[in-house]
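K.L.:
There's a structure below that I have some questions on.
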Amino acid sequence: GGVEITAGLSHSDIGGAVNIISGASTKNDSGDISLTTAASSKASSGSALLSTGSAATSSGSIGISTGDSEEQSAGSIIIATGRQDIRETAAVLGLRSGSLSMTATEAASLSSATGDVSIHTGTTETSASGSLVFSTGASTGGTGGSITLAAGAGARGGGNIIVKAGSSQQTDGGSIEL
């Protein structure tokens with residue numbers, strides 16, 4: 001049987017909220033929260049879906065963040081797909097590990113702009129800011145993956161690709177190496 005957790009409906013105000021909070025600790029780590037679908041030895045495992053509802057005005061946002069840390073490194077966010085483990089027949093069957101896709105959804109109206117996709121590291125005052133690495137994996141028996149940077153076509157002008165190194169106030173600016 002299934003398990004469903006539903007907050008209360010409201011006809012005149014905001015609907016009820018659902019909060020899942022792990023236990024705090026005054027002397028050790030706080031508790032973990034695990035959201036996992038069960039494994040299957042015969043078929044596909046279940047999917048985990050995190051989504052907000054549709055709305056007549058603005059739909060809700062999804063925020064994923066780690067907590068701040070006063071004495072050590074703050075937590076990381078790791079998004080990874082599963083690997084394909086059938087080594088002997090994977091190439092014959094065309095099997096592969098999972099793909100990772102980030103997409104700003106197309107606009108429903110022809111006159112509306114689509115959303116942006118932004119990837120950036122944080123700023124810092126006294127140390128080095130984080131690096132941003134785009135790389136494909138190596139292959140010991142096949143071809144390494146490709147990296148494609150492409151700007152969209154447009155009836156009034158195609159998009160631009162801008163590659164820019166950072167400036168420096170005290171020493172040489174960054175370089176671009178191709």
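K.L.:
So, of the residues in segment 22-66 that are among the β-branched types (Val, Ile, Thr) and open to solvent by 100 Å² or more (accessible area, probe 1.4 Å), which turns out to be farthest from Ala104 (Cα to Cα)? Even if it seems obvious, please write down each step before you answer.
P.N.:
If we filter segment 22-66 for residues that are among the β-branched types (Val, Ile, Thr), which is where we start, we get 26, 33, 36-37, 52, 57, 62, 64, 66.
Filter once more, keeping what is open to solvent by 100 Å² or more (accessible area, probe 1.4 Å): 26, 33, 36, 57, 64.
Values: Thr26: 41, Ile33: 28, Thr36: 26, Thr57: 18, Ile64: 17 Å.
Per the stated criteria, the residue is Thr26.
K.L.:
Which residue pairs have Cβ atoms under 7 Å apart, sit 6 or more places apart or on different chains, and have a first residue in segment 115-132 that is over 25 Å from Ser61 (Cβ atoms) and a second that is open to solvent by less than 70 Å² (accessible area, probe 1.4 Å) and among the β-branched types (Val, Ile, Thr)?
P.N.:
Partner pairs satisfying both residue conditions: Ser129/Thr121; Ser131/Thr121.
K.L.:
Considering segment 80-125 alone, what residues qualify as being among the polar types (S, T, N, Q), open to solvent by less than 90 Å² (accessible area, probe 1.4 Å), within 30 Å of Ala155 (Cβ to Cβ) and at pLDDT below 75?
P.N.:
Ser109, Ser112
K.L.:
In the list Ile14, Ile33, which residue meets the criterion of being assigned to a loop (DSSP other than H, G, I, E, B), more than 20 Å from Ile78 (Cβ to Cβ) and at pLDDT 85 or above?
P.N.:
Ile14
K.L.:
For a quick check of your reading of the model, give me the residue pairs whose first member lies in segment 46-66 and is without any contact (Cβ under 8 Å) to a residue 60 or more places away in the chain and closer than 20 Å to Ser76 by Cα, whose second is surrounded by 10 or more Cβ atoms within 10 Å (Cβ to Cβ) and of a type in the set (Phe, Trp, Tyr), with beta-carbon atoms closer than 7 Å and at least 6 apart or on different chains.
P.N.:
none
Residue by residue, here is whether (1) part of a loop (DSSP other than H, G, I, E, B); (2) within 27 Å of Asp116 (Cβ to Cβ); (3) at pLDDT below 85; (4) open to solvent by less than 100 Å² (accessible area, probe 1.4 Å) holds:
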site: Ser135; (1), (2), (3), (4): yes, yes, no, yes
site: Ala150; (1), (2), (3), (4): yes, yes, no, yes
site: Ala153; (1), (2), (3), (4): yes, yes, no, no
site: Arg156; (1), (2), (3), (4): yes, yes, no, no
site: Ser167; (1), (2), (3), (4): yes, yes, no, no
site: Gln170; (1), (2), (3), (4): yes, no, yes, no
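The values are calculated or read from the model by the stated rules, or taken from the named source; none is laboratory data. None of the values given here were measured: they were computed from a predicted structure. A quick note on method: Cβ atoms are made from the backbone with ideal geometry, for glycine too, and the neighbour counts reach across all protein chains shown. When the accessible area is computed, the model is the full protein with side chains, heavy atoms only, and any ligands, DNA or RNA have been set aside. Shrake-Rupley method; radii C 1.70, N 1.55, O 1.52, S 1.80 Å.
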